[in-house]
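These notes concern the structure reproduced below.
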Amino acid sequence: MTVSITLVGCGNMGRAMLGGWIEQNVKPNDILVVDPSVDNLEIAGKSGCRTLTSPLLIEEGYQSDVIVFAVKPQVMTDVIPAYQALIDKGALVISIAAGTRISVFEESFGEDAAIIRTMPNTPAAIRRGMLVSVGNSKVTDHHRKICDILMNAIGTTAWVEEEGLMDAVTGLSGSGPAYVFHMIEAMIAAGVSAGLPEDLARTLAKTTVSGAAELAISSAEPVDVLRKNVTSPNGTTAAGLAVLMGGNALTDLMTRTVAAATERSRELG
Ligand SMILES: NC(=O)C1=CN([C@@H]2O[C@H](COP(=O)(O)OP(=O)(O)OC[C@H]3O[C@@H](n4cnc5c(N)ncnc54)[C@H](O)[C@@H]3O)[C@@H](O)[C@H]2O)C=CC1
Ligand SMILES: O=C(O)[C@@H]1CCC=N1
């Protein structure tokens, strides 16, 4: 099945998805990108897709199977009314905005519109994203199939049936890459402070995080067993983990981190 896509907003996340779709052989001809930023359109245009700075420039006969809204939550209500004609022609709506509820789209497009809210993350750019979706009652199996085609092209997908879960999804996997990047930054700084040259510390930190994540995904063992496999009795890892796990330090910090992001997602709604 081929899917024609209108991508509204081609910043960090729009670009990540676009890169993944093109890499997965979605035809550039089947993609229209709308974004007022000429710089961002220039980058998007390099993939061969069509680009426009405004929805006012969309020709009358144009239609697409799906409109993906990838603009900031704060401007969403101003942006979406200009796409009513495409919705009237039957386009499925997918929004990736943090916080913005399905009801915001229903209020603008009417209750018959099929709306999916998806939370991706930036590793979608290398087809390693995590994408979680929830749909309204107008979303059919056909719509789910369209969404799955787009999202499977750029990562691992899951559906939830309860929209309320999307705030915690956003707090964990949507924002999660930033937590991991910061952990890599902290590991580099720690390596330097332990005496390593910065270049070497950077390579060691990135490769260790990437290798450990790959092992966690590919191994049949649960992650706590993988952790124990590294930890020799009275060895170096035990000494390090006594700091990281002492008083539940990292778990407490991560719980507060995800809770703060989850709460912010609720506020944005
Ligand atoms: N960056 C991330 O890791 C993730 C972001 N999101 C969501 O994705 C959405 C976009 O976030 P980012 O890409 O990070 O922001 P961004 O600021 O990088 O991109 C937003 C884009 O929207 C464009 N834009 C502004 N007004 C527009 C309009 N009227 N019509 C079309 N395009 C317009 C901007 O020029 C820009 O290119 C947000 O709603 C965010 O919550 C979701 C998951 C992860
Ligand atoms: O920081 C944000 O609001 C967006 C949503 C998830 C990741 N980035």
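The values are calculated or read from the model by the stated rules, or taken from the named source; none is laboratory data. All values derive from a computational prediction rather than experimental measurement. As a convention, Cβ positions derive from the backbone with ideal geometry for all residues, glycine included, and neighbour counts pool all protein chains shown. The area values use the complete protein model at the heavy-atom level, side chains included, leaving out ligands, DNA and RNA. Shrake-Rupley method; radii C 1.70, N 1.55, O 1.52, S 1.80 Å.
Does residue 68 satisfy the criteria of being modelled with pLDDT of 95 or more, in contact with a strand residue (DSSP E or B) (Cβ under 7 Å, 6 or more places away or on another chain) and within 30 Å of residue 267 (Cβ to Cβ)? Yes, satisfied.
Hey, does the range 215-231 have a residue that's open to solvent by less than 80 Å² (accessible area, probe 1.4 Å) and among the charged types (D, E, K, R)? Don't jump to the end; show me each part of the working.
First pass over the range 215-231, keeping only residues open to solvent by less than 80 Å² (accessible area, probe 1.4 Å): 216, 219, 222, 224-226, 231.
When the remaining residues are screened for being among the charged types (D, E, K, R), the result is 224.
Yes, the range 215-231 has at least one match.
Residue by residue through the range 74-103, note down the ones that are assigned to a helix (DSSP H, G or I), within 16 Å of ligand 2 (Cβ to nearest atom) and crowded, with 18+ Cβ neighbours inside 10 Å. If you could, list the steps in order and put the result at the bottom.
Initially, the range 74-103 is screened for residues assigned to a helix (DSSP H, G or I), giving 74-88, 102-103.
Filter once more, so that each one left must be within 16 Å of ligand 2 (Cβ to nearest atom): 74-76.
Of everything in the range 74-103, just one residue is assigned to a helix (DSSP H, G or I), within 16 Å of ligand 2 (Cβ to nearest atom) and crowded, with 18+ Cβ neighbours inside 10 Å, namely 76.
Of all residues in the range 135-171, those being without any contact (Cβ under 8 Å) to a residue 40 or more places away in the chain and touching a Pro at 6+ places or on another chain (Cβ under 8 Å) number 1. Taking the criterion of being of a type in the set (Gly, Ala, Ser), within 21 Å of the chain's Cα centre (by Cα) and not in a loop (DSSP other than H, G, I, E, B), the only residue of the range 33-73 that qualifies is 44.
Would the range 120-143 turn up any residue that is among the aliphatic types (A, V, I, L, M), away from ligand 1 (no atom under 16 Å from the Cβ) and either crowded, with 18+ Cβ neighbours inside 10 Å or on the phi < 0 side of the Ramachandran plot (or both)? Checking the range 120-143: at least one residue is among the aliphatic types (A, V, I, L, M), away from ligand 1 (no atom under 16 Å from the Cβ) and either crowded, with 18+ Cβ neighbours inside 10 Å or on the phi < 0 side of the Ramachandran plot (or both). Reported count of residues in the range 1-27, each being of a type in the set (S, T, N, Q) and exposed (fewer than 14 other Cβ atoms within 10 Å of the Cβ), is 4.
Closer than 25 Å to residue 261 by Cα, modelled with pLDDT of 95 or more and not polar (S, T, N, Q) - does that describe any residue in the range 192-200? Checked against the condition, which is being closer than 25 Å to residue 261 by Cα, modelled with pLDDT of 95 or more and not polar (S, T, N, Q), the range 192-200 yields no hits at all.
Examine the range 166-186 for a residue that is β-branched (Val, Ile, Thr) and either touching a Phe, Trp or Tyr at 6+ places or on another chain (Cβ under 6 Å) or open to solvent by 70 Å² or more (accessible area, probe 1.4 Å) (or both), and state whether such a residue exists. No. Contact map, the range 75-95: residues that are over 17 Å from residue 62 (Cβ atoms) and in the same structural domain as residue 112 (by TED's automatic domain parsing) paired with residues that are open to solvent by less than 10 Å² (accessible area, probe 1.4 Å) and part of a helix (DSSP H, G or I), Cβ distance under 7 Å, separation 6+ or inter-chain. Pairs shown: 94/147; 95/105.
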